[in-house]
């Protein structure tokens, strides 16, 4: 099969096929933004109470109308002239494109220092993405020419700021990721031209993946939003470049052993390909576990990420090898691998590190585990219970300023009321129950439609505060017994999302661990080794979260984390970090069959340490690109995953796992026959014969 990709003639066929794929996929990939679902339901749990209420609201009027709240604020009392100017603004606001329905106000505040105007805005077919333009038009029309300060609050203002934050997310991430990967590849390869081939292959993979996902979103109902589309870019470039690094390293080694570059690539694919495929399959399966999530945005990310990994794998084991053999050895200039030249990794840094670990492996792994445990203590600083609206952005957008102004003069929940829907025959009981609930400031008039009645209730607390969430739960407890009435609205949506994320954390984190454990067991044909590796994964994850929480709190000044933060970081760290476990331990197992486990561990570390480190740095760099977005949740995920990958690559895989393997010895392969294979103490330094074997790349051990 390897010859089909890199044969003397078939390499041109492979290149031609990818050119055709690119020609077809290019126009389709450009349409992906048009099928993204960025409305509330795309981020909500499908079966949540707030979601059901949002569906029922359509029976009481258009479900594509949301309020914008214009707030005029003065240090002194509002004058009659100010009120007259605000009334003139109402007339202008009524004519703003996108405004539908009656603009109400101005309503004075009880303290006499503010005015409020409610502007109903219609969402068009593009959902919230066009609201930034509408919000700007509202601000322009609301200008009074008086000494009053004007702010825009409410759902429209929040959605407009979110739209601006996500605007250009694909381009921002793409260019940032490209820059980071290019710099790292230039340093890794020390070649001014070689880096182009992995970049081109990853770019083709991204375009192809975007085209496939567009077709599934358009015709198969796949949920795609700005978040999953942005993460797709990071995953394809990060994981794809990892696979490219491993393949190129193996190809370069084979070029030193074979005159014919086609033969060298065929051997590289034959021996390194199975490990790459196994790793990608593990990542794809791990990501697919997200499909079971209750939150629609998380559930949709699963297939999007899995498809990106699969397409990236196909490009790296077909297109990249074809390009490498087409360009020949000169692509490695200025350090071209010539036949018969020595392999530099045989006596490199990682081989020397392994020798030092072998002197006192038990001391090394205990000290390393204790250090990681100390890092994990930062988990006490983790507050993954949701981010208030005011703290969701790296900067302070205008909607946050508007909400603060609204809360200073009006009931804090004025712009985002609760929505209570129940049986019209029990309207009075529902209203009385809502009005009597602590935390409810006022209840509006009933709106009936057939057998249903709807009330809007204003909260006394800020709509994204803990007090408001508690009020939602109290209102639900009060009205649920009354004809199964239900409670929705923005605050209820946030509460339901937080609850669903907590459920997803409890379900998916253990499931991914179980999936990875089973795959490692099948791959390594052992029980002890997979259990030890899973233990190191959990310890590494805890340490990464602990350090991240401390950095967020005391360096970046973030007050907390989104409720989905632990799940996303875990899935990315474990599913992607398992690559390095597979590359290292499959090589160790192969060498153990020839030299025993302890010596095999040293050979495996020397052979794979450099390329795994390079791959980890690339992956960390791509996730760090998420920090270029003005959203706290993305910045936190990017930092935690980047730090976790570096910790995993530089410390956990190279030091902790190697020390454990050296200390435990052949028992690590129990109950396979390899556990009974004669073992010998690890040498202080590799023997010459072992150094020769270091030139072989990571491969799946023979069955």
Checklist entry - From the Cα gyration tensor of the range 206-297, with a ≥ b ≥ c the square roots of its eigenvalues, which class applies: rounded if a/c is under 1.5, or else prolate if a/b is larger than b/c, or else oblate? => result prolate
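Counting only helical runs of four or more DSSP H residues, what would the 222 nm mean residue ellipticity of the chain come to if each run contributes -39,500 (n - 2.57) and the total is spread over all its residues?
-20000 deg cm²/dmol
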Checklist entry - When 554, 409 are ordered from fewest to most other Cβ atoms inside 10 Å of their Cβ, what list results? => result 554, 409
Next on the checklist: One quarter of the convex hull surface, Cα atoms only: what value does that give for the range 262-389 in nm²?
Outcome noted: 14.0 nm²
Checklist entry - For the Cα atoms of the chain, what angle does the longest principal axis make with the long axis of helix 528-551, in degrees from 0 to 90, nearest 10? => result 50 degrees
Item to check | Calculated FRET efficiency for the pair residue 215/residue 277, C-beta based, R₀ 22 Å, to 0.05 | outcome: 0.35
Next on the checklist: Report the gain in length on full extension from residue 104 to residue 484: 0.36 nm times residue separation, minus Cα-Cα distance, nm rounded to one decimal.
Outcome noted: 133.6 nm
Checklist entry - Quick one: 288, 654, fewest Cβ neighbours within 10 Å first, how do they rank? => result 288, 654
Next on the checklist: Taking 8 Å as the Cα distance limit and 6 or more residues as the minimum spacing, I'd like the relative contact order of the chain as a percentage.
Outcome noted: 18 percent
Checklist entry - How far is it, in nm, from the label point at residue 183 to the one at residue 149 when both lie 7 Å from their Cα along the line to the Cβ? => result 3.8 nm
Item to check | Taking the range 64-156 and dividing mean pair separation by its residue count, relative contact order in percent (alpha carbons under 8 Å, at least six apart) | outcome: 45 percent
Checklist entry - In µm²/s, what is D for the range 455-577 at 20 °C and 1.002 mPa s, where D = kT/(6 pi eta Rh) by Stokes-Einstein and Rh is the Kirkwood radius from Cα pairs? => result 122 µm²/s
Next on the checklist: At 0.36 nm per residue, and after removing the present C-alpha to C-alpha distance, how many nm does the segment from residue 256 to residue 594 gain when stretched out fully?
Outcome noted: 119.4 nm
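Consider all pairwise Cα distances in the range 64-156 and report the whole-number % of them above 18 Å.
39 percent
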Checklist entry - What percent of all Cα-Cα pairs in the chain falls in each 10 Å bin, counting up from 0? => result 3, 14, 22, 21, 16, 11, 8, 4, 1, 0
Checklist entry - In degrees between 0 and 90, to the nearest 10, how far off the longest principal axis of the chain does helix 169-189 point, with axes built from Cα atoms? => result 20 degrees
Next on the checklist: What distance in nm separates the two pseudo spin-label positions at residue 338 and residue 76, each 7 Å out from Cα along the beta-carbon direction?
Outcome noted: 8.9 nm
Item to check | Degrees, to the nearest 10: 349-359 long Cα axis against longest axis of the chain | outcome: 80 degrees
Checklist entry - Three principal axis extents, largest first, for the C-alpha atoms of the range 497-698, in Å? => result 54, 30, 23
Checklist entry - Using alpha carbon centroids, what distance separates the range 205-237 and the range 377-420, in Å? => result 30 Å
Checklist outcome for this item: With a Förster distance of 60 angstrom and the Cβ-Cβ distance between residue 362 and residue 451, calculated FRET efficiency to the nearest 0.05 equals 0.25
Item to check | FRET efficiency estimate (nearest 0.05) - Cβ-Cβ, residue 371 to residue 4, R0 60 angstrom | outcome: 0.80
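Arranged by the count of other C-beta atoms within 10 angstrom, fewest first, what order do 285, 357 take?
Ranked by crowding around the Cβ, least crowded first: 285, 357.
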Checklist entry - Put a dot 7 Å past each Cα toward the Cβ at residue 196 and residue 503; how far apart are the dots in nm? => result 5.3 nm
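Just so you know, all these numbers are worked out from the coordinates, no wet-lab data involved. Keep in mind it's a predicted model, so treat the numbers as computed, not measured. FYI the Cβ positions are ideal-geometry reconstructions off the backbone, even for glycines, and counts take in every protein chain you see.
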